[in-house]
Structures are given as structure tokens and as C-alpha cells.
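See structure below.
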Amino acid sequence: MYDNPYILTGIRLLKVVFIINPDFDLEANSIPGQGISMSVKLINSLSFNSDRNLAHFVQSLSTHRVPTGPFTLEVEYEAIFALDSSTSLEQEDTLRMQFAKMVFPYCSEFIAEITRRGGFPPMILNLSSCMGGQNLQYKPMATH
């Protein structure tokens, strides 16, 4: 039916929480020349309809909560994929990774834009560092 065993049929932003910490002290919490270390948590959830011809995928990305950082950020994107009849249950882990790669650019772009609009430099994320659960070095500018 498809060249790929799946096709993206829809994507939407489900949830946004962006809270700026007005009490955050940039100088006291920054490492000179490196910025601030922020934990970013990425969760990818996958489920199927009863006929297994549709996949429901949700990608959630969040930072730690105020008062420990310059802001709290939680973003969720939902995507629906139509599946070819050849898609098997054994492919679930592969599909989860492929869907994450397809949805992540939407999530990443939104995060860069919302942090920029919040008065910070854009928070640029890459999928490999988020999947690895690494702390990211982020250099927010001082707000005036």
C-alpha cells in the first residue's frame, strides 16, 4: 500500500507549559563560559488501535521545575500514523524510534521559538542528546 510501512497522517501540539522564573540569578547559577546545566527529559509513547492500522504516538519533552532553573518547560506533540498491513508487532521498538525522529523536529522548533519569545536565546535541542538523558548546557541571556 505505501512505500514505507507507515505514513504520517496528522500531528498536533497537545500541551505547553512555559513558566519563567523571575527570581533566577544568572550569575549565581552559571558556570563561566558554559552557561547553565539543564536536565531535559524525553518520553516517547506509542499505542495502536484494535485493528493495528493506526498508531498513536506522543512525544513529551520537559525540563526541571522552577525554582532551580531559569524556566520550566513542558511540551507534548501527538502524531497519528497510518500503518501498512505488513507492519508486525515485532517492529514496535523500531516504529517508536522512527516516529520519534519524525516528530522531534516539530517539538524542537517549537521549543526554540517559545524560549526565544520568552526573552532567552533559542533552546536548541538534538534528538541524540535528549534520548541519552544528558544534561544540556544552555546559555540564557539576562533579561532587562
>> Kirkwood hydrodynamic radius, computed over distinct alpha-carbon pairs, for segment 6-138: how many Å, to one decimal?
In response: 16.1 Å
> What order do you get for 14-25, 38-49, 102-113, 69-80 when each peptide is scored by the mean count of other beta carbon atoms within 10 Å, highest first?
Replying inline: 69-80, 102-113, 38-49, 14-25
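Every read-out reported here was derived from the displayed coordinates using simple, explicitly stated rules and does not represent laboratory data. Predicted model only: the values in this text are computed from it and were never measured. Using ideal geometry, Cβ is built from the backbone for each residue, glycine included, and neighbour counts are taken over all protein chains shown.
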